[in-house]
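Structure, as structure tokens:
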Amino acid sequence: MSTQATTNDKPLIIDIRNIAKTYVMGEEEVRAVKDISIQIYKNDYVAIMGPSGSGKSTLMNILGCLDTPSKGDYFFKQDNVSDMDDDELAEIRNREIGFVFQTFNLLPRYSTLKNVELPLVYSGMSKDKRLEQAERALVNVGLGDRMDHKPNELSGGQRQRVAIARALVTEPSIILADEPTGNLDTKTGDEIMKLFEELWMKGNTIILVTHEPDIARHAHRIIKVRDGMIESDLINPNPVSAFDKKTFDIAINDSTVVLEQE
Ligand SMILES: Nc1ncnc2c1ncn2[C@@H]1O[C@H](COP(=O)(O)OP(=O)(O)OP(=O)(O)O)[C@@H](O)[C@H]1O
Ligand SMILES: [Mg+2]
């Protein structure tokens, strides 16, 4: 049984219809995604949840045009992605989609600035303009003072912020994040969730995969996947702001201080 989240008057960005993805492994077929239909609208903030192996990353790879479905249709802003060749897919990825991965996927030999500049190399932009835009993206995630550091000279949370700056530098219309807080402690994960919330407030569309209910509760819509199918697709009636949580933490700390004083 699936419950479809409401439609609304925002522009439709992603429209997948009855997609399936089957991997062939020698004699064996793995039906990673069996039959999934989802519509994502501009400025949606969606969490995808589900057990390990349920097809979340496979679905994200299809949504992000990193992979194509074996069956079904995918319309990205009305273009039929299912018909596109590798070059067309690469173009749509570059122009429209920013990725954030659990393991950051930064290039270890390159500085923070160079890592963030890289996605712009294919854009035909001049070097000066590219560096200027990469600098701005890093300042926006609070890393203006870490431009020359290499990834191994940064904390986990800072690395993920670099990855987010890299995802944003091309000004994509949608951010896809697969377990973006999976390798981070709770406090650092909360900082990353604040960044996502800021992006959402600026009008970005966000889809993130997470195992953690604590992370999913920030999203405005929660899609649960099981065995390559959608189990439920529901509006979150009470999304928790990542910024409210900070106030809450401070309140706890204050009362702790008070208790300690007594
Ligand atoms: N490239 C591949 N070739 C063959 N099988 C694959 C491939 N990628 C994924 N699978 C299989 O497809 C199924 C779904 O995998 P997927 O990575 O989408 O799961 P997931 O929900 O992201 O899991 P997790 O929470 O552990 O990341 C699994 O059974 C997996 O083994
Ligand atoms: Mg996965």
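The values are calculated or read from the model by the stated rules, or taken from the named source; none is laboratory data. Note that this is a predicted model, so its numbers are computed, not measured. When we count neighbours, we look across all protein chains shown, and the Cβ atoms used for this are built from the backbone with ideal geometry, even at glycine.
Which residue out of ILE192, ILE164, ILE207, ILE174 is more than 16 Å from ligand 1 (Cβ to nearest atom), under 15 Å from the mean Cα position of the chain (by Cα) and farther than 14 Å from GLN102 by Cβ?
Unique residue meeting the criteria: ILE174.
If you check PHE75 against the conditions, is it farther than 30 Å from LEU154 by Cα and in a strand (DSSP E or B)?
So PHE75 fits the description; yes.
Under 6 Å between Cβ atoms, at least 6 apart or on separate chains: pull out the pairs that start in segment 1-18 with a residue that is of a type in the set (Val, Ile, Thr) and end on any residue that is at pLDDT 95 or above and assigned to a loop (DSSP other than H, G, I, E, B).
ILE13/LYS42
Looking only at residues in segment 162-176 that are closer than 15 Å to ILE192 by Cα and in contact with a helix residue (DSSP H, G or I) (Cβ under 7 Å, 6 or more places away or on another chain), which one is modelled with the lowest pLDDT?
LEU168
Quick test for you: out of GLY72, GLY53, pick the one residue that is on the phi > 0 side of the Ramachandran plot, free of Cβ contacts under 8 Å to residues at least 24 places away in the same chain and either within 16 Å of ligand 1 (Cβ to nearest atom) or crowded, with 17+ Cβ neighbours inside 10 Å (or both).
Within the list GLY72, GLY53, the selection yields GLY53.
I'd like the full set of residues that are modelled with pLDDT under 95 and either polar (S, T, N, Q) or buried (at least 17 other Cβ atoms within 10 Å of the Cβ) (or both), limited to segment 108-125.
Hits for segment 108-125 are PRO119, LEU120, SER123.
Does segment 28-47 contain at least one residue that is closer than 15 Å to ILE175 by Cα, within 16 Å of ligand 2 (Cβ to nearest atom) and surrounded by 21 or more Cβ atoms within 10 Å (Cβ to Cβ)?
Taking every residue of segment 28-47 in turn, at least one turns out to be closer than 15 Å to ILE175 by Cα, within 16 Å of ligand 2 (Cβ to nearest atom) and surrounded by 21 or more Cβ atoms within 10 Å (Cβ to Cβ).
Among the residues of segment 196-206, which ones are surrounded by fewer than 22 Cβ atoms within 10 Å (Cβ to Cβ), of a type outside the set (Phe, Trp, Tyr) and outside any loop (DSSP other than H, G, I, E, B)?
If the condition is that a residue be surrounded by fewer than 22 Cβ atoms within 10 Å (Cβ to Cβ), of a type outside the set (Phe, Trp, Tyr) and outside any loop (DSSP other than H, G, I, E, B), then GLU197, GLU198, LEU199, MET201 are the ones that fit.
Would you check if TYR74 is more than 16 Å from ligand 2 (Cβ to nearest atom) and within 27 Å of GLU198 (Cα to Cα)?
No, not satisfied.
For the subset of segment 78-106 comprising residues that are away from ligand 1 (no atom under 13 Å from the Cβ) and part of a loop (DSSP other than H, G, I, E, B), which member is farthest from GLU231 (Cα to Cα)?
LEU106
Can you tell me which of (1) modelled with pLDDT under 90; (2) within 20 Å of ASN236 (Cα to Cα); (3) of a type in the set (D, E, K, R) is the one ASP214 doesn't meet?
Against the list (1) modelled with pLDDT under 90; (2) within 20 Å of ASN236 (Cα to Cα); (3) of a type in the set (D, E, K, R), ASP214 comes up short only on (1).
Checking ASN105 against (1) within 16 Å of ligand 2 (Cβ to nearest atom); (2) under 30 Å from LEU154 (Cβ atoms); (3) surrounded by 15 or more Cβ atoms within 10 Å (Cβ to Cβ); (4) not small (Gly, Ala, Ser), only one condition comes out false. Which one?
With (1) within 16 Å of ligand 2 (Cβ to nearest atom); (2) under 30 Å from LEU154 (Cβ atoms); (3) surrounded by 15 or more Cβ atoms within 10 Å (Cβ to Cβ); (4) not small (Gly, Ala, Ser) applied to ASN105, the lone miss is (3).
Which one of these does MET84 not meet: (1) surrounded by fewer than 17 Cβ atoms within 10 Å (Cβ to Cβ); (2) more than 21 Å from the chain's Cα centre (by Cα)?
Going through the list (1) surrounded by fewer than 17 Cβ atoms within 10 Å (Cβ to Cβ); (2) more than 21 Å from the chain's Cα centre (by Cα), MET84 breaks only (1).
Scan (1) among the β-branched types (Val, Ile, Thr); (2) in contact with a helix residue (DSSP H, G or I) (Cβ under 7 Å, 6 or more places away or on another chain); (3) without any contact (Cβ under 8 Å) to a residue 60 or more places away in the chain for the single condition ILE62 breaks and write down its number.
Unmet condition: (2).
Which of the following residues is within 16 Å of ligand 1 (Cβ to nearest atom) and at pLDDT 95 or above: GLU132, GLU231?
Just one listed residue meets the conditions, GLU231.
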